[in-house]
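Below: one structure, written as structure tokens.
The values are calculated or read from the model by the stated rules, or taken from the named source; none is laboratory data. Here the structure is a predicted model, which means the values were calculated and not measured. A quick note on method: Cβ atoms are made from the backbone with ideal geometry, for glycine too, and the neighbour counts reach across all protein chains shown.
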2 protein chains.
Amino acid sequence: MTSPSLKRLVLIGIGTGGLDQLTLAAVREINAADLILIPRKGASKADLADLRREICAQVLTNPATLIGEFDLPVRNEATHDYRERVEDWHDAIAQVWTQTIEEHLPGGKGQIALLIWGDPALYDSSLRIARRLPDVAVEVVPGLMSMNVLTAAHGITLNEVGEPFLVTTGRRLRDDGWPQGVDTLVVMLDGECSFRHLDPAGITIWWGAYVGMSSQILLAGPLQDMTPTIIETRAKARAERGWIMDIYLLRRHSTG
Amino acid sequence: MTSPSLKRLVLIGIGTGGLDQLTLAAVREINAADLILIPRKGASKADLADLRREICAQVLTNPATLIGEFDLPVRNEATHDYRERVEDWHDAIAQVWTQTIEEHLPGGKGQIALLIWGDPALYDSSLRIARRLPDVAVEVVPGLMSMNVLTAAHGITLNEVGEPFLVTTGRRLRDDGWPQGVDTLVVMLDGECSFRHLDPAGITIWWGAYVGMSSQILLAGPLQDMTPTIIETRAKARAERGWIMDIYLLRRHSTG
């Protein structure tokens, strides 16, 4: 049964920063929205609120579209269990979304958009949070992922001919080492340069920070040579800007 | 030393079919081209030449841009070694590109564009072929990949929270089985429904054919139940259209 107050929530992948990474579908959906939600994380620039405001300023031509900013709840670090901490946090975010929607579109139907950095499918919780909202139909507009932008900037492929690749996190690489059966890794969410713990022999790294933005930094070469340079460059960039978002691809020369 | 006849070759990711999957950067680069190369594969519709012509018809507004169609060489199946066969084929394609460019932009400089289905980084040989051309600077404009479009259409994520996923081929899945240490697989280039060889217990499949096109077909559910339906649907669609392009995501319930 379709509820009379059914709302449509569209998660729009916006790519990794450059306005020209938006797809035509993303531009269309931004302009089809009655309300665009923009999260704020206190004074942190890592919330990318400025980027989202800039996208709205540049591509939003529908004068009826409202913009609703809201403060993102913080995780309760007192909750010991990681899974429970994340679940509680997602509950809290869903509640703030609901409140902000109700505030701007009281009682009625409507189309709400969230601008998701990269693609909503990749290391992003918006889909899981959206499922908590009652009477809301969720749709996804795919966006460029940072791994596409990284490989394009370096002019490399994700896979070797007919070969697989694994997309993983810094924590996994640190805890489990190089996984079996695969020679190419894409590593995300790595705040600690976990590649430094690998035996670098035969490994090449293609690293990028702020990929696709005007402040993009790219470094590539044999892991052995690049490790100190990347650690130093990353620390400096992070200190200067107050935040960093980076990603890298590692390829091991096949030992076969 | 920069050659006076240096050409710029731009590989433009166009996503998986829908015009609205084009990024603003892709539209800009299409219009910045002096020449757009369009490959033809005989009478096969799998060459997507019509899709590329349609994109040019819809978004190309620069009257000076030339369109150069060419016949894609065929692989010499008499060459026994797979690697050698592919290398020879790529050499032959590079030669045809060079001839077609010379024909339309004789002797001079210029900007050449190739419209790449999906993203040039993923299971595509254009970057490897482009590297064979002398006096050509290669650039990449990233595009949506079929795995983004698949997950968006199904409203699912690629990864579970903090977990890795592997992108692989049908042949690998068939030959090696389910790989160790990962519960999510994205499988491409699978002409033989290789999922049928897995023990289906605890596995869910999200399958899509022609994802992002108007003829898109989506099926999802427990692998055990879906296997015959997908095999039948795929065979029927392929027979009707003469070609098929499909992709799927498999997720195993964590046994932990």
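Before moving on, here are some points about what is shown:
- Hey, A:S126 in the same structural domain as A:A235 (by TED's automatic domain parsing) and within 18 Å of the chain's Cα centre (by Cα) or not: no
- Only one of the numbered conditions (1) β-branched (V, I, T); (2) in a helix (DSSP H, G or I); (3) modelled with pLDDT of 95 or more is violated by A:V140, and that is (2).
- Only one of B:R52, B:R85 that is buried (at least 20 other Cβ atoms within 10 Å of the Cβ), at pLDDT below 95 and part of a helix (DSSP H, G or I): B:R52
- Filtering segment B:218-229 to residues that are in contact (Cβ under 8 Å) with a residue 24 or more places away in the chain and within 28 Å of B:K41 (Cβ to Cβ) leaves only B:L218.
- Residue list for segment B:62-82, restricted to those being modelled with pLDDT of 95 or more, in a loop (DSSP other than H, G, I, E, B) and surrounded by 14 or more Cβ atoms within 10 Å (Cβ to Cβ): B:T65
- From A:N159, A:N148, residue being in a helix (DSSP H, G or I) and within 7 Å of chain B (Cβ to nearest Cβ): A:N148
- With respect to the conditions (1) within 23 Å of B:W243 (Cβ to Cβ); (2) modelled with pLDDT under 95; (3) within 13 Å of chain A (Cβ to nearest Cβ), B:D119 falls short on a single one, namely (2).
- Criterion: crowded, with 16+ Cβ neighbours inside 10 Å, out of contact with any Leu (no Cβ under 6 Å at 6 or more places or on another chain) and of a type in the set (G, A, S) - qualifying residue of A:G18, A:G42: A:G18
- Number of the exception - A:G208 against (1) of a type in the set (G, A, S); (2) in contact (Cβ under 8 Å) with a residue 40 or more places away in the chain; (3) over 30 Å from A:S44 (Cβ atoms): (3)
- Residue pairs whose Cβ atoms lie under 9 Å apart, sitting 6 or more positions apart in sequence or on different chains, and linking a residue in segment A:58-84 that is free of Cβ contacts under 8 Å to residues at least 24 places away in the same chain to a partner that is outside any loop (DSSP other than H, G, I, E, B) and of a type in the set (S, T, N, Q), are A:P73/A:Q95.
- First in segment B:230-250 and over 24 Å from B:V167 (Cα atoms), second anywhere and surrounded by fewer than 22 Cβ atoms within 10 Å (Cβ to Cβ) and among the aromatic types (F, W, Y), Cβ under 9 Å, 6 or more apart: B:A237/B:Y210; B:R241/B:Y210
- Within segment B:167-224, being of a type in the set (D, E) and within 28 Å of B:L51 (Cα to Cα) holds for B:D190, B:E192.
- Only residues that are crowded, with 18+ Cβ neighbours inside 10 Å, assigned to a loop (DSSP other than H, G, I, E, B) and facing chain B (nearest Cβ under 7 Å) were counted in segment A:162-177, giving 1.
- Breaking point among (1) within 8 Å of chain B (Cβ to nearest Cβ); (2) buried (at least 19 other Cβ atoms within 10 Å of the Cβ), for A:F195: (1)
Rundown of residues vs (1) among the basic types (K, R); (2) closer than 23 Å to B:P142 by Cβ; (3) under 24 Å from the mean Cα position of the chain (by Cα), yes/no style:
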{"site": "A:D190", "(1), (2), (3)": "no, yes, yes"}
{"site": "A:L198", "(1), (2), (3)": "no, no, no"}
{"site": "A:T204", "(1), (2), (3)": "no, yes, no"}
{"site": "A:M213", "(1), (2), (3)": "no, yes, yes"}
{"site": "A:G221", "(1), (2), (3)": "no, yes, no"}
{"site": "A:T227", "(1), (2), (3)": "no, no, no"}
{"site": "A:K236", "(1), (2), (3)": "yes, no, yes"}
{"site": "A:R241", "(1), (2), (3)": "yes, no, yes"}
